[in-house]
């Protein structure tokens, strides 16, 4: 299984790249993958996992 996180505030095209990556995985038979767009985040702020109620950490934990 693979969880792909992309930030709402990531560089232009990051979301499209993530969706294309997941599509390639599915086409290759790797169906256990999921993409989540994290509101208000970008690639650097998604790495900040501390803090109560952190939505990035919750998404990873739930996966």
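For residue 29, the criteria (1) assigned to a strand (DSSP E or B); (2) at positive phi hold in every case but one, which is (1).
When residues of region 10-63 are filtered for being surrounded by 15 or more Cβ atoms within 10 Å (Cβ to Cβ) and out of contact with any strand residue (DSSP E or B) (no Cβ under 7 Å at 6 or more places or on another chain), how many remain? Number of matching residues: 2. Taken over region 32-63, residues that are part of a loop (DSSP other than H, G, I, E, B), at pLDDT below 90 and in contact with a helix residue (DSSP H, G or I) (Cβ under 7 Å, 6 or more places away or on another chain) amount to 1.
The values are calculated or read from the model by the stated rules, or taken from the named source; none is laboratory data. None of the values given here were measured: they were computed from a predicted structure. Glycine also receives a Cβ, built like all others from the backbone with ideal geometry; neighbour counts cover every protein chain displayed.
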